[in-house]
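Before any comments, here is the structure.
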Amino acid sequence: LGELLRISPDHVAILSDRWWVVDYHSDNSTGAYYLYDQESKKPELLFETAPQMAKYPFSPMQTEVIKARDGMEIPCYLTLPMGIEAKNLPMVLAIHGGPWARDNWGFDGFTQWLANRGYAVLAVNFRGSAGLGKKHMNAGDGEWGVGYMQHDITDAVQWFIKKGIADPKRIAITGGSYGGYAVLAGLAFTPDLYACGVDMCGPSQVKTSIEAMPDWWYLIKQRWLRRIGNVLEDEALNRRISPYYHADNIKSPLLLFHGANDPRVKISESD
């Protein structure tokens with residue numbers, strides 16, 4: 001940009017929208033930045049985001065849309081290990097947090113690390129995920145734990161088992177925050193589905209997790225209660241959807257990670 005300013009002190013070249021700085025993304029590279037001249041239609045490489053990684057091959061990420069048990073379409077992203085037949089593979093479900101967030105197509109270091117070690121990696125944009133329309137997000141209301149938000153994850157697993165890609169005896173589930181909750185819910189409510197789970201800072205009891213929210217999170221707390229159901233007043237609901245009360249159902253190995261000073265999900269949820 002310094003060069004552009006020297007060439008054009010009156011900023012004409014910039015204001016004419018001739019020059020773009022373009023961030024290039026892909027699923028199997030760490031990305032790069034280019035200076036693009038709209039007149040010549042030629043890009044000039046500025047720098048690679050992680051040049052030390054450019055020499056390594058990475059697995060492509062493919063989009064799969066599965067149908068849940070009620071017919072709703074659930075967008076998923078599947079990454080397969082390279083050089084291995086996509087048949088009866090060990091699979092890791094990487095569940096996003098939020099839950100009002102989403103997984104995106106593109107390069108993900110954690111996913112590539114697992115794929116490099118021979119795992120199929122599945123990301124599921126279960127109902128309640130953001131960025132897929134109001135209908136998709138609102139369909140997650142009142143569906144935590146034993147409802148359709150968890151059913152969508154279960155149905156995605158079964159979908160890829162039926163396709164012959166995933167080995168039904170070697171399915172792992174992992175995630176952080178709400179993703180950690182989904183790990184606990186998966187192991188407690190569908191104990192025969194997963195070979196193991198890794199929970200990172202997941203709330204085990206929904207009520208206590210909401211009670212721990214700071215006062216200045218008042219509006220956020222109201223949103224949670226509207227989306228989940230009022231677990232502060234409805235103890236039966238809290239007990240039904242909180243894995244804490246169903247821990248005896250867990251059969252598979254469970255590994256817990258939690259920061260001692262986590263300000264949002266207190267470590268007592270893992271303790």
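The values are calculated or read from the model by the stated rules, or taken from the named source; none is laboratory data. Because the structure is a prediction, the values reported are computed rather than measured. Cβ: placed from backbone, ideal geometry, glycine included. Neighbour counts: every protein chain shown. Surface accessibility is based on the protein's heavy atoms, side chains included, excluding ligands, DNA and RNA. Shrake-Rupley method; radii C 1.70, N 1.55, O 1.52, S 1.80 Å.
Please enumerate the residues belonging to region 136-173 that are of a type in the set (D, E, K, R), in contact with a Lys or Arg (Cβ under 8 Å, 6 or more places away or on another chain) and closer than 21 Å to ASP199 by Cα.
GLU143, ASP152, ASP155
Report the residue count in region 63-106 for those that are open to solvent by 70 Å² or more (accessible area, probe 1.4 Å), within 21 Å of SER29 (Cβ to Cβ) and either out of contact with any Phe, Trp or Tyr (no Cβ under 8 Å at 6 or more places or on another chain) or part of a loop (DSSP other than H, G, I, E, B) (or both).
Of the residues in region 63-106, 5 are open to solvent by 70 Å² or more (accessible area, probe 1.4 Å), within 21 Å of SER29 (Cβ to Cβ) and either out of contact with any Phe, Trp or Tyr (no Cβ under 8 Å at 6 or more places or on another chain) or part of a loop (DSSP other than H, G, I, E, B) (or both).
Kindly indicate the residue of region 217-271 that is assigned to a loop (DSSP other than H, G, I, E, B) and among the small types (Gly, Ala, Ser) and also least open to solvent (accessible area, probe 1.4 Å) among those meeting that condition.
SER242
What do you reckon, is PRO191 closer than 30 Å to LEU89 by Cβ and either among the β-branched types (Val, Ile, Thr) or part of a loop (DSSP other than H, G, I, E, B) (or both)?
Yes.
The rows are residues; the columns are (1) touching a Cys at 6+ places or on another chain (Cβ under 8 Å); (2) open to solvent by 90 Å² or more (accessible area, probe 1.4 Å); (3) closer than 23 Å to LEU78 by Cβ.
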position	(1), (2), (3)
TRP19	no, no, no
ASP23	no, no, no
SER26	no, no, yes
GLY31	no, no, yes
SER40	no, no, no
GLU44	no, yes, no
GLU48	no, no, no
TYR56	no, yes, yes
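Of everything in region 73-104 that's acidic (Asp, Glu) and free of Cβ contacts under 8 Å to residues at least 12 places away in the same chain, which residue is nearest to ILE153 (Cα to Cα)?
Result: GLU73.
Any residue in region 28-55 that is at positive phi sitting within a Cβ distance under 8 Å of a residue that is assigned to a loop (DSSP other than H, G, I, E, B) and β-branched (Val, Ile, Thr)? List the pairs, counting only those 6 or more apart or interchain.
Partner pairs satisfying both residue conditions: GLY31/THR49.
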